[in-house]
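The values are calculated or read from the model by the stated rules, or taken from the named source; none is laboratory data. Just so you know, these numbers come straight off a predicted model, no measurement behind them. Reconstructed Cβ throughout: ideal geometry from the backbone, glycine too, with neighbour counts over all protein chains shown. Ligands, DNA and RNA are excluded from the accessible area calculation, which covers all protein heavy atoms including side chains. Shrake-Rupley method; radii C 1.70, N 1.55, O 1.52, S 1.80 Å.
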Amino acid sequence: MLVKTKAIVLSSIKYQEKSLIVKCFTLSDGLKSYFVQSAYSGKKSNQKIAYFQPLTILEIEANHKNKGTLEHFKEIKLATAYQTINTDIVKSTIVIFLSEMLHHSIHEEEKNEDLFTFLETALIWLDTHEETSNFHLILLLETTKFLGFYPDNSETDFNFFEMVDGIFSPFQGTNCLNEHETFLFKKLINLKFDSDQKVFAGIERQILLKILLDYYSIHLDGFKKPKSLDVLKEVFS
């Protein structure tokens with residue numbers, strides 16, 4: 001079936017000498033993997049590879065056979081041409097890290113328009129704003145709304161956050177954050193992309209990042225921590 005849709009690139013892996021296998025989160029069909037022949041050959045190879053950088057937003061036309069095999073692009077163009085993400089070292093590091101996180105988190109082979117729209121809007125926000133220190137933390141927390149394990153914040157007066165059930169508790173059980181960690185986590189829950197970026201110190205961001213990675217690990221089967229995590233920590237240290 002010939003499909004025209006927007007797609008966000010989650011990963012691209014070199015296959016043999018000249019080809020790529022590209023995993024995308026599409027607006028029309030959720031998760032899809034595509035085979036790109038001769039991506040590294042021909043006059044326009046650099047241009048072709050540029051389409052498949054992490055979290056690039058594409059407009060694609062593709063043949064979807066929906067047989068569990070690799071699909072094929074018919075036409076590709078940029079849906080959004082980033083102005084700063086590819087040239088700003090902090091933003092590009094954030095994007096590489098988040099693409100790995102999403103690659104290990106999104107497993108739906110069915111459309112999720114709300115998640116797609118959220119990610120697209122968030123990435124365009126990142127590209128067009130300068131103060132982005134908390135962007136990755138907010139995006140990871142907000143994404144849990146669409147993955148089904150957003151914290152229950154109906155009892156935020158309690159001093160401890162229980163990681164397995166995703167609730168706030170008056171008692172510090174085995175799977176609870178301590179009081180300071182819970183305090184930081186509550187602050188994060190109330191943050192928006194446009195909030196004051198200086199609300200956390202660097203060490204507090206590191207604590208929150210560890211909390212979020214642990215939270216994803218608890219709630220997603222087979223979740224792997226991104227290889228780019230150390231680079232991200234270095235950038236924000």
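When segment 94-143 is examined, which residues are found to be over 28 Å from Glu234 (Cβ atoms) and either among the aliphatic types (A, V, I, L, M) or not in a helix (DSSP H, G or I) (or both)?
Of everything in segment 94-143, those that are over 28 Å from Glu234 (Cβ atoms) and either among the aliphatic types (A, V, I, L, M) or not in a helix (DSSP H, G or I) (or both) turn out to be His107, Glu108, Glu109, Glu110, Lys111, Asn112, Leu115.
Determine whether Thr121 is surrounded by fewer than 18 Cβ atoms within 10 Å (Cβ to Cβ) and touching a residue at least 40 places away in the same chain (Cβ under 8 Å).
no
Going by the conditions given, is Phe171 touching a strand residue (DSSP E or B) at 6+ places or on another chain (Cβ under 8 Å) and under 25 Å from His129 (Cβ atoms)?
no
If you scan segment 175-203, which residues turn out to be in a helix (DSSP H, G or I) and modelled with pLDDT of 95 or more?
Of everything in segment 175-203, those that are in a helix (DSSP H, G or I) and modelled with pLDDT of 95 or more turn out to be Glu179, His180, Glu181, Thr182, Phe183, Leu184, Phe185, Lys186, Lys187, Leu188, Ile189.
Can you tell which of Ile124, Ile138, Ile211, Ile203 is over 17 Å from the mean Cα position of the chain (by Cα) and closer than 23 Å to Ile94 by Cα?
Ile203
Pull up segment 137-167, narrow it to residues that are open to solvent by less than 10 Å² (accessible area, probe 1.4 Å) and in contact with a Lys or Arg (Cβ under 9 Å, 6 or more places away or on another chain), then point me to the one that is farthest from Asn190 (Cα to Cα).
Here the residue is Phe161.
Give the number of residues within segment 46-71 that are in a strand (DSSP E or B), among the aliphatic types (A, V, I, L, M) and either without any contact (Cβ under 8 Å) to a residue 60 or more places away in the chain or at positive phi (or both).
Adding up the residues that qualify gives 2.
So in segment 29-58, with the set limited to residues that are surrounded by 15 or more Cβ atoms within 10 Å (Cβ to Cβ) and touching a Lys or Arg at 6+ places or on another chain (Cβ under 6 Å), which one is modelled with the lowest pLDDT?
Tyr40
Looking only at residues that are within 14 Å of Tyr51 (Cβ to Cβ) and small (Gly, Ala, Ser) in segment 63-87, which one is least open to solvent (accessible area, probe 1.4 Å)?
Filtering segment 63-87 for residues that are within 14 Å of Tyr51 (Cβ to Cβ) and small (Gly, Ala, Ser), the one least open to solvent (accessible area, probe 1.4 Å) comes out as Ala79.
How many of the residues making up segment 100-116 are in contact (Cβ under 8 Å) with a residue 40 or more places away in the chain, open to solvent by 10 Å² or more (accessible area, probe 1.4 Å) and under 19 Å from Ala79 (Cα atoms)?
Residues meeting the conditions: 3.
Taking Gly222, is it under 25 Å from Glu113 (Cα atoms), assigned to a loop (DSSP other than H, G, I, E, B) and not aromatic (Phe, Trp, Tyr)?
So Gly222 passes the test.
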